[in-house]
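**Student:** Take this structure first; my questions come after.
Any read-out appearing in this document is the output of simple, stated calculations on the displayed coordinates, not a laboratory observation. What you see is a predicted model; the values in this text were computed from it and never measured. Here Cβ is always computed from backbone atoms with ideal geometry, including for glycine, and neighbour counts include all displayed protein chains.
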Amino acid sequence: MSSLPSLRDYTDADLSEVVALYTAAIHGLTGDHYTAAQRMAWAPLQPDLAGWRERLRGLRVLLAEERGVLAGFIAWDADGHIDLLFTAPACARRGVAGMLYARAEAALRAAGVGELRTEASLVARPFFEGQGFDVVEVEDVLRGGVSLRRFAMRKRLSAS
């Protein structure tokens, strides 16, 4: 990567691109950890854009772009829940997720949030552990009748 991605806030005009990246990331980056049936249940190839619009409405969403192309995104709420963090398959393992996460954590610290929470996939768990999160519970959730393993994780923020 010749230059760092630029970060900007999400707008409603970004919806289709964000959902396409989410779908591509799940189908392109999780095959070693989840079956095809699990990936289809998690990220249907025909996503519900209205449902996505509603989900994102209550979140702060930050986008990373490289030369005008969406490289990744993170979404969180004001109480410290990291709801979504995904990178485009072509941008995986190049620091995009770390950059997005660092900006989100900084914003949450500045807002006085004392603890961060997330539900991490098998793929995302090592990333979040690297950011200082601990697993508090192993969860098996149903999506479209298919069970998916994930990890409820927490990170306490210091008062500094």
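**Student:** Please give me, ordered by residue number, the trypsin sites (Lys or Arg not before Pro) of the stretch 22-95 that lie in loop per DSSP and have at most 14 other Cβ atoms within 10 Å.
**Tutor:** Answer in residue order: R67, R93.
**Student:** Could you give the dipole magnitude of the chain about its Cα centre, charging the beta-carbon of Lys and Arg +1 and that of Asp and Glu -1, in debye to the nearest 20?
**Tutor:** Charge dipole, the chain, about its Cα centre: 240 debye, nearest 20.
**Student:** Neighbour counts of other C-beta atoms within 10 Å: give me I26, I74 arranged from fewest to most.
**Tutor:** Final ranking by Cβ density, sparse to dense: I26, I74.
**Student:** Nearest 500 deg cm²/dmol is fine: what mean residue ellipticity at 222 nm does the chain get from its DSSP H runs of n ≥ 4 alone, each adding -39,500 (n - 2.57), divided by its residue count?
**Tutor:** Calculated from helices alone, the mean residue ellipticity at 222 nm is -9500 deg cm²/dmol.
**Student:** Here's a follow-up. Using the scaling law 2.2 N^0.38 Å as the reference, what is the normalised Cα Rg of the stretch 6-114?
**Tutor:** The reported ratio for this selection is 1.06.
**Student:** How many angstrom separate the Cα center of the stretch 78-135 from the Cα center of the stretch 8-28?
**Tutor:** Cα centroid of the stretch 78-135 versus Cα centroid of the stretch 8-28: 17 Å apart.
**Student:** Grab the eigenvalues of the alpha-carbon gyration tensor for the stretch 68-109, scale each by 5, take roots, and send me the semi-axes largest first in whole angstrom.
**Tutor:** 20, 10, 8
**Student:** Distance from a point 7 Å along Cα→Cβ of A36 to each backbone N in the stretch 76-94: keep the residues under 18 Å and list them by number.
**Tutor:** Taking a point 7 Å out along Cα→Cβ of A36, no residue of the stretch 76-94 has its backbone N under 18 Å.
**Student:** Among DSSP beta bridges lying fully in the stretch 4-159, give the percent that are antiparallel, nearest 5.
**Tutor:** 95 percent
**Student:** So which chymotrypsin sites (Phe, Trp or Tyr not before Pro) in the stretch 1-78 end up in coil per DSSP with only 10 or fewer other C-beta atoms within 10 Å?
**Tutor:** When the chymotrypsin sites (Phe, Trp or Tyr not before Pro) of the stretch 1-78 are filtered for loop state and at most 10 Cβ neighbours within 10 Å, nothing remains.
**Student:** Put a dot 7 Å past each Cα toward the Cβ at E17 and L84; how far apart are the dots in nm?
**Tutor:** 1.4 nm
**Student:** Oh, and also: Order of R8, R154 from fewest to most other C-beta atoms within 10 Å?
**Tutor:** R8, R154
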